[in-house]
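Student: First the structure, which I've put down as structure tokens, then a few questions once you've had a look.
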């Protein structure tokens, strides 16, 4: 697949639907870095890009769309469906938390909250798809999703990105797959995962996608039990680092103290690699960080 071409087409397709998110310079780690504020995207995460690209590139059946999500993807899929006039059925685990559940409900989507983890929500979404004929919008392991997420990095390039290295948080792998697909060998992409939710790191060590246990403060956004196959195929030989929950929480606080940016744990996970010293840039290496999610729990202003 010619990923750069697919991403360029996706960028044209979703123009006017996805926000162009800003970029700022920061010195949070003690040296200059670039931050792309993708948490300012519709519904508070990059997920709207993949959702809009999917819906705008396919024939949506009368039954509408269905999605399983830890929260952010469900909100984005519901928002995109509502915007384009399609019915949406969303399945999320209880782990999603009240803030993200309330966000999905605000879109008017038909929401089912299921017990357990994201994998349980996915099983029920697949059953609903088989029963009704609704179109599944996969959270991360589908070409249209990956191409949509890749538009974030195409956009960043157009905003005169100067960095040698880009740090990206990883859950199921759709976002970092988009980064790898767009940048190719032109920039180093570093995967950052929580120590307790690390499907990509485990897959790279095992040589294949494997199931992992999921827990920790970022689990409702980065809690995929198994990395997507598209991501795994693109990620061979890449840098992968793990960060602790304490490091993630510290990075959240640093974003607030330095820039008054309030993000959920997943949104600060990539930055945590720098603030904790898990990733240390080499001499002269310019680093950029994607800030990917804003849906903090509890919602500081109420549901």
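The values are calculated or read from the model by the stated rules, or taken from the named source; none is laboratory data. A quick note: this is a predicted structure, and the numbers were derived from the prediction, not measured. We place every Cβ from the backbone using ideal geometry, glycine too, and count neighbours over all the protein chains shown.
Student: Could you check how many residues of region 222-279 are without any contact (Cβ under 8 Å) to a residue 40 or more places away in the chain and in a strand (DSSP E or B)?
Tutor: Number of matching residues: 0.
Student: Here are the criteria: (1) closer than 22 Å to residue 218 by Cβ; (2) modelled with pLDDT of 90 or more; (3) not in a helix (DSSP H, G or I). Tell me which single one residue 138 does not satisfy.
Tutor: (2)
Student: Further, regarding this structure: Can you confirm whether residue 126 is surrounded by fewer than 16 Cβ atoms within 10 Å (Cβ to Cβ), outside the structural domain of residue 147 (by TED's automatic domain parsing), modelled with pLDDT under 95 and in a helix (DSSP H, G or I)?
Tutor: Taking the combined requirement at face value, the residue satisfies it.
Student: Sticking with this structure for a sec: Would you mind finding the one in 56, 35 that is modelled with pLDDT of 95 or more and either assigned to a loop (DSSP other than H, G, I, E, B) or closer than 18 Å to residue 134 by Cβ (or both)?
Tutor: 56
Student: A further question follows. Go over the candidates 276, 240, 215, 244 one by one and state the one that is modelled with pLDDT under 95 and not assigned by TED's automatic domain parsing to the domain that holds residue 106.
Tutor: It is 215.
Student: For region 110-123, give me each residue that is modelled with pLDDT of 90 or more and either surrounded by 18 or more Cβ atoms within 10 Å (Cβ to Cβ) or not assigned by TED's automatic domain parsing to the domain that holds residue 77 (or both).
Tutor: Matches in region 110-123: 111, 114.
Student: Continuing with this model, one more query. Looking at (1) in contact (Cβ under 8 Å) with a residue 40 or more places away in the chain; (2) outside any helix (DSSP H, G or I); (3) out of contact with any strand residue (DSSP E or B) (no Cβ under 6 Å at 6 or more places or on another chain), which one does residue 160 not meet, given that it meets all the others?
Tutor: Looking at each condition in turn, residue 160 falls short on (1).
Student: Take residue 32 and decide whether it is assigned by TED's automatic domain parsing to the domain that holds residue 93, surrounded by fewer than 21 Cβ atoms within 10 Å (Cβ to Cβ) and out of contact with any helix residue (DSSP H, G or I) (no Cβ under 8 Å at 6 or more places or on another chain).
Tutor: No: the conditions fail for residue 32.
Student: Follow-up question, since we're still on this one. Within region 9-35, can you find the residues that are in contact (Cβ under 8 Å) with a residue 40 or more places away in the chain, under 22 Å from residue 77 (Cα atoms) and within 18 Å of the chain's Cα centre (by Cα)?
Tutor: 10, 11, 14, 17, 18, 20, 21
Student: Please find, among 70, 116, the residue that is farther than 26 Å from residue 22 by Cβ and not in a helix (DSSP H, G or I).
Tutor: 116
Student: What residue, of 60, 66, is over 30 Å from residue 274 (Cα atoms), buried (at least 24 other Cβ atoms within 10 Å of the Cβ), in the same structural domain as residue 84 (by TED's automatic domain parsing) and more than 12 Å from the chain's Cα centre (by Cα)?
Tutor: 66
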